[in-house]
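Novice: Supplied in structure tokens, the structure appears directly below.
The values are calculated or read from the model by the stated rules, or taken from the named source; none is laboratory data. Quick caveat, the model's predicted, so the values are computed rather than measured. Counting neighbours? That spans all protein chains shown, and the Cβs are built from the backbone with ideal geometry, glycine included.
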């Protein structure tokens, strides 16, 4: 997460990883030891699928200007998303 803002702190990354693992273990323990699982509403799953589809579509055509969405083969060129032309980027000729 810190890397998104330009600085990467190793100790913070490790602490965040450990916190995520602990959180997952606590949730898993709660689910496994529950007397009765709560009922599941399928509307949550459908809503999640719709939101993920919208996010994928919008990030494909209108990506945020962060390094995660920059073209890997075009690093530091400020080119994101779907380009108008890829002709000048071809490595191999047809």
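Novice: Quick test for you: out of 15, 55, pick the one residue that is modelled with pLDDT of 85 or more and closer than 30 Å to residue 84 by Cβ.
Specialist: 55
Novice: Spot the failing condition for residue 73; the list is (1) in a loop (DSSP other than H, G, I, E, B); (2) at pLDDT below 75, and only one is missed.
Specialist: If we test residue 73 against (1) in a loop (DSSP other than H, G, I, E, B); (2) at pLDDT below 75, just (1) comes out false.
Novice: Something else now. Given the conditions (1) farther than 21 Å from residue 85 by Cα; (2) surrounded by 10 or more Cβ atoms within 10 Å (Cβ to Cβ), which single one is not true for residue 36?
Specialist: (2)
Novice: Test residue 44 against the stated conditions and say whether it is out of contact with any strand residue (DSSP E or B) (no Cβ under 9 Å at 6 or more places or on another chain), more than 30 Å from residue 80 (Cα to Cα) and assigned by TED's automatic domain parsing to the domain that holds residue 83.
Specialist: yes
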